[in-house]
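Report on the structure given below.
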Amino acid sequence: GQKSSRLLWSSRASMLSSRAAAAPRAVSRLASRLAPAGRRFSTQVADEPAEGVRQHPAMASSPTAIGTRDIFDADHDMFRELARSFFENEVAPFHAEWEAAGEVPRELWTKAGELGLLSNMVPEEYGGLGLDCKYPAIMWEEQSYSGCTGPGFAMHSDIVAPYITNYGTEEQKSRILPKLVSGEWIGALAMTEPGAGSDFANIKTTAKKDGDDYIINGSKVFITNGWLCDVVIVCAKTDSAKGAHGVSLFLVEEGMAGFQKGKKLKKMGMKAQDTAELFFEDLRVPASAMLGPENKGFYCVMQELPQERLLIGDMGVAAAEAVFEWTKDYTMDRKAFKGSLSDLQTVKHKLADRKSTRLNS
C-alpha cells in the first residue's frame, strides 16, 4: 500500500544516500565530467506552493523540478527523489563504459530491485508494490532526464511484467514475478522479426502442437534485453491460417534446449541497452508455458499497447525537456562575441521556438 511504500522508499533512499556519500572522490569527478548539464536536476526542487496547491512546471525554476504537476502527489515526489538519486549515483558515473560494452551489468538490476524501482505495479502478493502507472512514468522520466539510455528497465518492468500479471496462470505469476521485481531475472518481449515488426500477420515464428507440448521454430531480431534476459515472451503462430488472429504468447526461459541468443546488435544510439537476435530451433515447451489463451496473443498485445505507448510518449517528452535544458545551459555557459550565446537574439528566438511550438504543442 501507499503507506508501506513510503516507508520502504524512505529507508532505501537513506541507504542509497549513504552509498553515494561513501563513493570515492574520483567517481564524483568522473560523474560530473560525463554528465551533461541536465544531470544537475537533483538540486532543483519546486518552491513551496500554497497548501494543497502544486506549482505549475512553467512557474518552477525548471520543468524537471520535483513537486510540480497536479497528477502527482507527495508519495510520487518521494519516489521521484529516489529514482533521480539512483540514476545520478548508480548509473551516470558508469554509463560511458557500459556503452562501450554494449550492456549494463546485472548487478545494476539487483540494486534497482533492492530499492523497489523495478516492476512496482506488480501486486503485493507477488512481491511488488501494487502501484499505479504514474510510478513507472516517473522512472521513465528520470531515466530520460539523466541522459542514460542503457538500463532496459522500461521493457522489463512495464511491458513484460504486466503481460505476466494480466494473463499469467497462478503458477507463472508466483514463480516469475517475484524474480522480476527483485531484479534476479531480466525480462524481454520477442515480437520483432527480420520481416515483421508489430505486424502480427507476417510473423513467421511458429509453435506447432505436439502432444502436450509445442515446438517453436523461428527467429527474432532487435530484442531489447535479449542478451541478458532470463525469461522472454515469444510471439509465435499457432494457427497460420488465421494470420494475426492465430498468434499465441509463450514464456521461454534461459537454458531451454533449442533457445539460442545471437549477437548483440550495434546501434546508432542507446548503445548500452543490449539488443540482440534470438533463435528458436525445435524448442519444445510444455503447454503450461503458454501465456494467455491460445491464438489470443494479438488481443493481449492490443490490450497492453495503449499504456505502453502512453509511457513511451511521456519518456520522449521528458527527453526533449532534458535536451532543451542542456542546450539552454550550454548557450549560457558558452562565451562568444564578448558575451554568452544566450545573449544573441537569434539564439533566444531558436530556444523560444523550440520551447513554445515544439515542446508545449
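The values are calculated or read from the model by the stated rules, or taken from the named source; none is laboratory data. The structure displayed is predicted, hence computed values, not measured ones. Cβ placement follows ideal geometry from the backbone for every residue including glycine, while neighbour counts extend to all protein chains displayed.
Quick grid of which residues meet (1) touching a strand residue (DSSP E or B) at 6+ places or on another chain (Cβ under 9 Å); (2) of a type in the set (A, V, I, L, M, F, W, C); (3) modelled with pLDDT of 90 or more:
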| site | (1), (2), (3) |
| --- | --- |
| V285 | yes, yes, yes |
| K296 | yes, no, yes |
| L305 | no, yes, no |
| S342 | no, no, no |
| L351 | no, yes, no |
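Is it true that some residue in the range 276-298 is farther than 22 Å from D213 by Cα, among the charged types (D, E, K, R) and outside the structural domain of W109 (by TED's automatic domain parsing)? Checking the range 276-298: at least one residue is farther than 22 Å from D213 by Cα, among the charged types (D, E, K, R) and outside the structural domain of W109 (by TED's automatic domain parsing). Taking the conditions (1) exposed (fewer than 13 other Cβ atoms within 10 Å of the Cβ); (2) charged (D, E, K, R); (3) within 30 Å of G218 (Cβ to Cβ) in turn, D333 satisfies each one other than (3). Of all residues in the range 145-166, none are more than 23 Å from V104 (Cα to Cα) and free of Cβ contacts under 8 Å to residues at least 12 places away in the same chain. Please go through the range 217-258 and give me each residue that is among the hydroxyl-bearing types (S, T, Y) and touching a residue at least 60 places away in the same chain (Cβ under 8 Å), ordered by number. S219, T224 - these are the residues of the range 217-258 that are among the hydroxyl-bearing types (S, T, Y) and touching a residue at least 60 places away in the same chain (Cβ under 8 Å).
Within the range 328-335, is even one residue in a loop (DSSP other than H, G, I, E, B), touching a helix residue (DSSP H, G or I) at 6+ places or on another chain (Cβ under 9 Å), not assigned by TED's automatic domain parsing to the domain that holds I176 and not hydrophobic (A, V, I, L, M, F, W, C)? The answer is yes; a qualifying residue exists. Listed by position, the strands (runs of 3 or more DSSP E) contained in the range 139-234 that have at least 2 residues being surrounded by fewer than 24 Cβ atoms within 10 Å (Cβ to Cβ) are 206-210, 213-224.
Looking only at residues of the range 243-255 that are modelled with pLDDT of 95 or more and under 19 Å from S198 (Cα atoms), we find that the one that is surrounded by the fewest Cβ atoms within 10 Å (Cβ to Cβ) is H245.
Name every residue in the range 263-287 that is touching a residue at least 12 places away in the same chain (Cβ under 8 Å) and outside any strand (DSSP E or B), in order of residue number.
L265, K266, G269, M270, K271, A272, Q273, D274, A287
Of the residues making up the range 169-195, those that are in contact with a helix residue (DSSP H, G or I) (Cβ under 9 Å, 6 or more places away or on another chain) and aliphatic (A, V, I, L, M) are I176, L177, L180, V181, I186, A188, L189, M191. Condition check for P136 on (1) over 30 Å from K267 (Cα atoms); (2) at pLDDT below 95; (3) part of a helix (DSSP H, G or I): one failure, at (1). One residue is enough: does the range 306-322 have a residue meeting the conditions surrounded by fewer than 18 Cβ atoms within 10 Å (Cβ to Cβ) and not in a helix (DSSP H, G or I)? Scanning the range 306-322, I find no residue that is surrounded by fewer than 18 Cβ atoms within 10 Å (Cβ to Cβ) and not in a helix (DSSP H, G or I), so the answer is no. Does E97 satisfy the condition of being among the acidic types (D, E), assigned by TED's automatic domain parsing to the domain that holds P151 and part of a helix (DSSP H, G or I)? Answer is yes for this residue.
Within the range 167-197, how many residues are free of Cβ contacts under 8 Å to residues at least 40 places away in the same chain and of a type outside the set (A, V, I, L, M, F, W, C)?
7
Regarding the range 133-154, can at least one residue be identified that is among the basic types (K, R), more than 15 Å from the chain's Cα centre (by Cα) and over 18 Å from A322 (Cβ atoms)? Taking every residue of the range 133-154 in turn, none turns out to be among the basic types (K, R), more than 15 Å from the chain's Cα centre (by Cα) and over 18 Å from A322 (Cβ atoms).
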